[in-house]
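Reading through the structure tokens given below for one structure.
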Amino acid sequence: MANEPRPLLGLMAGVAAGLIASAAMAAFQSQAQKLLPDDGDEEDPATLKAADVASEAVIGDPVPEPYRDQAGTAVHYLVGGVLGGIYGVIAEYHPEARSGFGSAYGIATAALLDEAAVPAAGLGPAPTETPAATHAYGAASHLVYGWVLEGVRWLIAGKRG
């Protein structure tokens, strides 16, 4: 009985951990971006492009200028919270999902989002058109997300399995 899955606790812990991990990821990115070469590309980030898509579906126009930064940030945290919730539930049923203290999940989210979903949705370039430094930056960012996600989830829900 002691190791029975607790999906509601896993979901709540995962969402909370996902939001905190998203903040850690953003803090890491703000510092790591300084190390990347300036390629002169001033393209909007995928989170802002996603906010524009949602805004166009709702109001028929992209996010108004005064709200663009906040809209991109909101998408970042929304995705981080949702992915955290999914992780929290999965971790309750499959302890192996926590492999590498969240590293495996962090890399899986990088592959799923940065390398597949973002390009497929037209929110960013194809992986073959992306510089190696950008791939490394994305992987490192998602590793930070995974580590913090598991650390906070563990603090809230405890070790399982």
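The table for this structure:
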{"read-out": "Condition met for VAL89 (open to solvent by less than 40 Å² (accessible area, probe 1.4 Å), in contact with a helix residue (DSSP H, G or I) (Cβ under 6 Å, 6 or more places away or on another chain), touching a residue at least 12 places away in the same chain (Cβ under 8 Å) and more than 19 Å from SER30 (Cβ to Cβ))", "value": "no"}
{"read-out": "Cβ pairs under 7 Å, 6+ apart, first in the stretch 127-150 and under 15 Å from ALA108 (Cβ atoms), second outside any helix (DSSP H, G or I)", "value": "GLY146/GLY102; TRP147/PHE101; TRP147/GLY102; LEU149/GLY102; GLU150/PHE101; GLU150/GLY102"}
{"read-out": "Yes/no for ASP44 being closer than 17 Å to SER30 by Cα and part of a loop (DSSP other than H, G, I, E, B)", "value": "yes"}
{"read-out": "Check on ASP61, touching a Ser or Thr at 6+ places or on another chain (Cβ under 9 Å), of a type in the set (D, E, K, R) and open to solvent by 30 Å² or more (accessible area, probe 1.4 Å)", "value": "yes"}
{"read-out": "Options GLY102, GLY146; residue that is in contact with a Phe, Trp or Tyr (Cβ under 7 Å, 6 or more places away or on another chain), open to solvent by less than 60 Å² (accessible area, probe 1.4 Å) and at positive phi", "value": "GLY102"}
{"read-out": "Options GLY102, GLY124; residue that is among the small types (Gly, Ala, Ser) and modelled with pLDDT under 95", "value": "GLY124"}
{"read-out": "Some residue of the stretch 107-119 being over 11 Å from the mean Cα position of the chain (by Cα), open to solvent by less than 20 Å² (accessible area, probe 1.4 Å) and touching a residue at least 12 places away in the same chain (Cβ under 8 Å)", "value": "no"}
{"read-out": "Residues of the stretch 24-52 satisfying the condition of being closer than 30 Å to VAL89 by Cβ and touching a residue at least 40 places away in the same chain (Cβ under 8 Å)", "value": "ALA24, MET25, ALA26, PHE28, GLN29, ALA32, ALA46, LYS49, ALA50"}
{"read-out": "Helices (runs of 4 or more DSSP H) (entirely within the stretch 64-161) containing at least 1 residues that are over 19 Å from ALA21 (Cβ atoms) and among the hydrophobic types (A, V, I, L, M, F, W, C)", "value": "68-93, 132-157"}
{"read-out": "Options VAL63, VAL58: the member that is closer than 19 Å to GLY124 by Cα and more than 17 Å from the chain's Cα centre (by Cα)", "value": "VAL63"}
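Matching residues to (1) farther than 23 Å from TYR137 by Cβ; (2) of a type in the set (A, V, I, L, M, F, W, C); (3) surrounded by fewer than 17 Cβ atoms within 10 Å (Cβ to Cβ); (4) within 15 Å of the chain's Cα centre (by Cα):
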{"residue": "ARG6", "(1), (2), (3), (4)": "yes, no, no, no"}
{"residue": "GLY10", "(1), (2), (3), (4)": "yes, no, no, no"}
{"residue": "ALA24", "(1), (2), (3), (4)": "no, yes, no, yes"}
{"residue": "LEU36", "(1), (2), (3), (4)": "no, yes, yes, no"}
{"residue": "GLU43", "(1), (2), (3), (4)": "no, no, yes, no"}
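The values are calculated or read from the model by the stated rules, or taken from the named source; none is laboratory data. Since the structure is predicted, the reported quantities are computational estimates derived from the model, not experimental observations. Cβ atoms come from the backbone with ideal geometry, glycine included; neighbour counts cover every protein chain shown. Only protein heavy atoms, including side chains, enter the accessible area calculation; ligands, DNA and RNA are left aside. Shrake-Rupley method; radii C 1.70, N 1.55, O 1.52, S 1.80 Å.
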